[in-house]
Amino acid sequence: MTEITILSPATVANVVCGFDILGFALDGPFDKMLIRKVSGKGVTIINKDDYNLPTEPAKNVIGGALLALLEAVPEDIGFVVESTKIIKPGSGIGSSAASAAGAVVGANHLLNDRFSKEELIRFAMCGEEVASGSKHADNIAPCIYGGVTLIRSSDPLDIISIPAPPLYVTILHPQIEVKTSDARGILKKQVSLKDAITQWGNVAGLIAGFMKNDYDLISRSLVDVIVEPIRSILIPGFEEVKKKSLEAGALGGGISGSGPSMFMLSKDEATAKAVEMAIIAVYKNIDIDFHTHVTTISNEGVRMI
Ligand code: HSE
């Protein structure tokens, strides 16, 4: 096999209280990539969309991830990637992770699956670093594993898949760009012990809520006292969107990754759609274009087609 086409899903990182350690995969949107194995070391990137992303491998997320993978491949081979991005870069639903994770999963398949998921995550993190200057894996891990993932440690890497009940996700994507590097740059470098205690209580509660199928516990654990108070100022209408979503029946939610997208979790589709309507009503009064959609947490990560 020398050629493969994959779909790589959008993901939500942080999941409110789990900054840099929690994430989940969405059942769409997906980026599409055709990956071809060729002779001769190197990566060639062909963009099949209008985002005008750099094609020089060292400056491209796909390139960064595949160059890291190729360092661990003794044969004289390389890859040509035709990338069709559907997940808008800078949207906050794991656009760079979808590129990085999709590329290494597809390439690995062409190498008879010689690398483990952990190794693929390490390679993909090199791609993520190209995009944001930081090697976080909270979008990459769910993109590769599917479902909800916990990064207990990034060095050494320790990823745990967390079982969760069915959950619907309402996404709001305001058409503004928030650069992950900027959204990380504004964060405080130190937190108080009081806030840390509140935060790790909520992280533990959220994990327990997922594993016990306890929607009420999930709902009361979706609280972030460390990152959200700082980053939410970058998202117009944040407080109102959250308030109206909760009134419409959402379990909770907040900033998706580093924003500007927001996500809300609901128990069922009807509630998720009511939440979408409530969000649209808020955003109609804000002078910014926006998209919304309803999807689910998906147990499947990158898939071959
Ligand atoms: N955990 C990262 C952040 C995700 O919030 O900066 C960015 O996609």
| said: For I218, only one of the following conditions fails: (1) of a type in the set (V, I, T); (2) away from the ligand (no atom under 12 Å from the Cβ); (3) outside any helix (DSSP H, G or I). What is its number? | reply: (3)
| remark: Residue set A208, A141; condition in the same structural domain as T292 (by TED's automatic domain parsing) and hydrophobic (A, V, I, L, M, F, W, C); output residue A208
| query | Restricting to region 136-158, what's the tally of residues that are in a strand (DSSP E or B) and buried (at least 21 other Cβ atoms within 10 Å of the Cβ)? | reply | 4
| request: Look through L111, L22, L7, L26 and report the one residue that is among the hydrophobic types (A, V, I, L, M, F, W, C), over 17 Å from the mean Cα position of the chain (by Cα) and at negative phi. | output: L111
| note | Over region 74-99, the set of residues in contact with a strand residue (DSSP E or B) (Cβ under 9 Å, 6 or more places away or on another chain) and within 16 Å of the ligand (Cβ to nearest atom) is K85, I87, K88, S91, G92, I93, G94, S95, A97, A98, S99
| query | So how many residues does region 221-239 have that are more than 16 Å from the ligand (Cβ to nearest atom), surrounded by fewer than 21 Cβ atoms within 10 Å (Cβ to Cβ) and among the hydroxyl-bearing types (S, T, Y)? | reply | 0
| note | Taking region 88-111 and keeping only residues that are touching a helix residue (DSSP H, G or I) at 6+ places or on another chain (Cβ under 7 Å), over 21 Å from R184 (Cα atoms) and crowded, with 24+ Cβ neighbours inside 10 Å, one is left with A101, A103, V104, V105, A107
| note | Filtering region 42-83 for residues that are small (G, A, S) and on the phi > 0 side of the Ramachandran plot leaves a count of 1
| Considering G106, G102, which residue is more than 11 Å from the ligand (Cβ to nearest atom), in a helix (DSSP H, G or I) and in contact with a Ser or Thr (Cβ under 7 Å, 6 or more places away or on another chain)? | G102
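The values are calculated or read from the model by the stated rules, or taken from the named source; none is laboratory data. Here the structure is a predicted model, which is why all the values come from computation and not from measurement. Glycine also receives a Cβ, built like all others from the backbone with ideal geometry; neighbour counts cover every protein chain displayed.
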